[in-house]
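Shown next, in structure tokens, is the structure this report addresses.
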Amino acid sequence: MKYILAIESSCDDTAAAVLRDIKVLSNVVARQAIHEEYGGVVPELASRAHQQNIVPTVDIALKKANIKPDQLSAIAYTQGPGLMGSLLVGSSFAKSMAMALGIPLIAVNHMQAHILAHFIEEEGYKKPTFPFLALTISGGHTQIINVRSFFEMEVIGETTDDAVGEAFDKSAKILGLPYPGGPLIDQYAQKGNPKKYTFTHPKVAGLDFSFSGLKTQILYFIQKNVAQNPRFIEENLTDICASIQHTIVEILMDKLQKAVIQTGIQQIAIGGGVSANSGIRTALKTAETERNWQTFVPKFEYTTDNAAMIGIVGYYKLIENNFEENQSLSSARLKL
Ligand code: KG4
Ligand code: ZN
């Protein structure tokens with residue numbers, strides 16, 4: 001039996017988790033509210049908040065799991081990608097603690113972790129089998145990955161500019177909604193007409209995505225309508241949100257469909273904060289019956305940034321002896 005302490009600090013949440021093999025004993029996230037005032041993550045403030053949060057967060061994770069540090073088999077931490085100042089807080093802490101305890105330190109790729117989160121043992125959730133396609137959609141990433149085994153993954157499509165979560169958040173900002181606006185767009189969208197307004201899809205070759213053009217399109221659309229009717233947004237908020245969400249979901253589903261045809265793989269596993277979106281969830285459910293896909297959506301707490309997903313990668317790396325002994329360096333642009 002292995003006990004893994006995992007630490008995630010790539011962006012604005014300080015997270016720690018304890019796993020016993022592939023089961024999560026505790027999963028703690030300290031959210032940083034400070035960024036809401038600025039309408040986005042401020043790297044310097046994130047790094048400082050991580051420094052304040054890391055000790056209590058790890059302490060709570062160990063206590064909730066009822067595990068003492070000397071019972072730990074290894075410590076896993078996020079090596080990248082992410083904000084350098086944030087990554088360094090997690091890695092320095094993990095390195096020192098692993099060294100003090102004399103146990104292995106395992107560097108984990110955050111993107112790999114979003115994908116392998118599907119392998120956490122959780123009642124009521126099934127796991128995909130290899131090979132499968134992963135769609136990781138969050139405020140920082142948008143990728144389609146062909147996952148051949150735990151550690152053989154190929155990015156077959158990704159965004160060339162904004163991530164899909166940014167498309168949601170920036171659209172929300174244009175509408176005057178607070179940050180992060182993705183969940184709010186989703187809430188309003190559920191009460192609106194998704195066909196009321198149409199936005200054109202970006203033309204991007206192959207399986208890649210682009211969302212910055214859509215954002216500009218929405219900005220001009222709002223500016224034009226507000227010039228004619230200053231109350232345009234408040235009078236049509238639900239329909240505007242539904243139409244934006246519908247467009248984004250269609251873009252994602254179109255590329256997924258292409259990826260399925262290209263690879264012949266019909267298992268789709270989604271991850272990242274945007275996988276909470278009701279529109280994408282409904283579209284995937286429909287594809288199960290209409291297109292014969294098998295779709296996988298992890299438990300919500302394992303899909304937004306969290307440390308349990310870092311722990312599951314740590315576990316598989318530990319049992320496969322697939323890590324460098326305490327040598328890893330943080331990397332803001334780490335690739336899969
Ligand atoms: O994975 P996550 O917690 O953090 C990273 O960005 O890595 O994802 C956060 C992103 C934000 O952009 C947020 O607006 C978006 O996920 N999000 C949603 C929903 N819930 C979270 N976007 C659309 N609909 C939602 N229900
Ligand atoms: Zn993430």
Review point. For segment 177-197, what are the residues that are under 17 Å from the mean Cα position of the chain (by Cα) and open to solvent by 40 Å² or more (accessible area, probe 1.4 Å)?
Key: 179, 180, 183
**Study point:** Members of segment 3-12 that are within 16 Å of residue 109 (Cα to Cα) and within 15 Å of ligand 2 (Cβ to nearest atom)
**Key:** 6, 7, 8, 9, 10, 11
**Study point:** Residue match in segment 90-113 (condition: within 30 Å of residue 261 (Cα to Cα), surrounded by fewer than 22 Cβ atoms within 10 Å (Cβ to Cβ) and among the β-branched types (Val, Ile, Thr))
**Key:** no
Study note, to complete from the structure: Within segment 310-334, the count of residues that are open to solvent by 70 Å² or more (accessible area, probe 1.4 Å) and touching a strand residue (DSSP E or B) at 6+ places or on another chain (Cβ under 8 Å) comes to 4
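Residues of segment 58-72 being open to solvent by less than 30 Å² (accessible area, probe 1.4 Å) and either of a type in the set (Gly, Ala, Ser) or farther than 25 Å from residue 327 by Cβ (or both), which ones?
Pass one, segment 58-72, residues open to solvent by less than 30 Å² (accessible area, probe 1.4 Å): 58, 61-62, 65, 67, 72.
Of everything in segment 58-72, those that are open to solvent by less than 30 Å² (accessible area, probe 1.4 Å) and either of a type in the set (Gly, Ala, Ser) or farther than 25 Å from residue 327 by Cβ (or both) turn out to be 61, 62, 65, 67.
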Exercise for review: Pairs only if they're at least six apart or on different chains, beta carbon under 8 angstrom, first in segment 222-234 and closer than 12 Å to residue 176 by Cα, second of a type in the set (Gly, Ala, Ser); list them, first residue then second.
Suggested key: 233/176
Study note, to complete from the structure: Going through segment 156-176 in order, the residues found to be open to solvent by 50 Å² or more (accessible area, probe 1.4 Å) and in a strand (DSSP E or B) are 158
Revision key, fill the gap. Scanning segment 130-144 for residues that are open to solvent by 20 Å² or more (accessible area, probe 1.4 Å) and either within 11 Å of ligand 2 (Cβ to nearest atom) or farther than 16 Å from residue 312 by Cβ (or both) gives 131, 139, 140, 141, 143
Check your understanding: How many residues does segment 254-282 hold that are away from ligand 2 (no atom under 16 Å from the Cβ), more than 21 Å from residue 170 (Cβ to Cβ) and buried (at least 23 other Cβ atoms within 10 Å of the Cβ)?
Key -> 2
Study note, to complete from the structure: Of those in segment 283-309 that are in a helix (DSSP H, G or I) and in contact (Cβ under 8 Å) with a residue 12 or more places away in the chain, the residue most open to solvent (accessible area, probe 1.4 Å) is 300
Check your understanding: Going by the conditions given, is residue 49 free of Cβ contacts under 8 Å to residues at least 40 places away in the same chain, within 16 Å of ligand 1 (Cβ to nearest atom) and open to solvent by less than 30 Å² (accessible area, probe 1.4 Å)?
Key -> yes
Study note, to complete from the structure: Result of the Cβ filter at 9 Å on segment 75-92, keeping first residues that are farther than 17 Å from residue 30 by Cβ and in contact (Cβ under 8 Å) with a residue 12 or more places away in the chain and partners that are assigned to a helix (DSSP H, G or I) and of a type in the set (Val, Ile, Thr), at least 6 apart or interchain, is 76/310; 76/312; 76/313
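Yes/no per residue for (1) free of Cβ contacts under 8 Å to residues at least 24 places away in the same chain; (2) polar (S, T, N, Q); (3) within 9 Å of ligand 1 (Cβ to nearest atom):
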site	(1), (2), (3)
131	no, no, no
139	no, no, yes
143	no, yes, no
153	no, no, no
171	no, yes, no
177	yes, no, no
181	yes, no, yes
186	no, no, yes
194	no, no, no
Practice item. State yes or no: is residue 251 buried (at least 24 other Cβ atoms within 10 Å of the Cβ), away from ligand 2 (no atom under 16 Å from the Cβ) and either more than 17 Å from the chain's Cα centre (by Cα) or not in a helix (DSSP H, G or I) (or both)? Key: no
**Study point:** Tally, over segment 156-178, of residues that are under 21 Å from residue 221 (Cα atoms) and more than 16 Å from ligand 2 (Cβ to nearest atom)
**Key:** 10
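The values are calculated or read from the model by the stated rules, or taken from the named source; none is laboratory data. It should be emphasised that the depicted structure is a prediction, and the values quoted were computed from it without experimental measurement. With ideal geometry, Cβ positions are generated from the backbone for all residues, glycine too; neighbour counts draw on all protein chains shown. Just the protein is used for accessible areas: all its heavy atoms, side chains included, with ligands, DNA and RNA removed. Shrake-Rupley method; radii C 1.70, N 1.55, O 1.52, S 1.80 Å.
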